[in-house]
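The structure under discussion appears below in the form of structure tokens.
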Amino acid sequence: MNQDLRYIKTEHNLRSAMLQLLKEKEFQKIAVTDICKLANCSRNAFYQHYEGKENLYQAIVTDIVIAIEESCRPVVESLAELNFGAEKLYLSNILTAVEDNRRVITQLLKLPQEDFSNRLQTMMISALTQNFGNWEKQCRLDYIHYFAGGITSFISYWLTQTSYDLDQAVEALVAVTLGHGKATEKREW
């Protein structure tokens, strides 16, 4: 399909409208008409982009999950090269991808009808399993689940319960995950 400026603008407006409506009401109560009205487009234009509101919602979520999944790529070639700097870079890459989509992710995490955290954790487990599988020494699957759950929980905590900027979030995650930094100097938990 031709990606002219009108098409791109309509796409942006549809996604923005869906996110705005999700703040106001449950997904099941949102109609395509509501989306079109807020996006200032016709139903015909909507259906040129999506088969239904479910497809629009899934497109929003999928784009975010893919961006975060790409950030889960290893930063070293083998486990032998793994050190504090590489581990910090890895965690920083993940949080940077989250920061790039912070507004939308925060909104998705706050939706009562959607468990975005679960989808994020499942993706991280899959990405970690795939990426660590390339190394000669396999990481244990139980560790991968533990790690993915911790990162996902931290992301939710960071975006919904703190005022950390990206740098503060990276430092906090490094402190609790790798045992370096301020959290180990003065244990507050």
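Some notes on this structure:
- Within the stretch 5-50, all pairs of alpha-carbon atoms sorted by distance into 10 Å bins from zero give the percentages 30, 57, 13, 0.
- In the stretch 59-185, the ratio of gyration radius to Kirkwood radius, Rg to Rh, stands at 0.95 when only Cα atoms are counted.
- Neighbourhood charge, 12 Å Cβ-Cβ cut-off, centred on Asp165 and excluding it, Lys, Arg +1 and Asp, Glu -1: -2
- Protection proxy ranking of 161-168, 60-67, 14-21 - average other beta-carbon atoms within 10 Å, highest first: 14-21, 60-67, 161-168
- Over the chain: helical MRE at 222 nm, DSSP H runs n ≥ 4 each giving -39500 (n - 2.57), nearest 500: -23000 deg cm²/dmol
- Exposed loop sites here are GluC sites (Glu not before Pro) assigned a DSSP state other than H, G, I, E or B and surrounded by at most 10 other beta carbons within 10 Å; excluding them, the longest clear run of the chain is 78-135.
- Over 28 Å (Cα to Cα) - which of Lys9/Lys29; Lys9/Lys53; Lys9/Lys88 fall in this group: Lys9/Lys88
Rule-based calculations on the coordinates, nothing more; no lab input. Since this is a predicted model, take the numbers as computed values, not measurements. We place every Cβ from the backbone using ideal geometry, glycine too, and count neighbours over all the protein chains shown.
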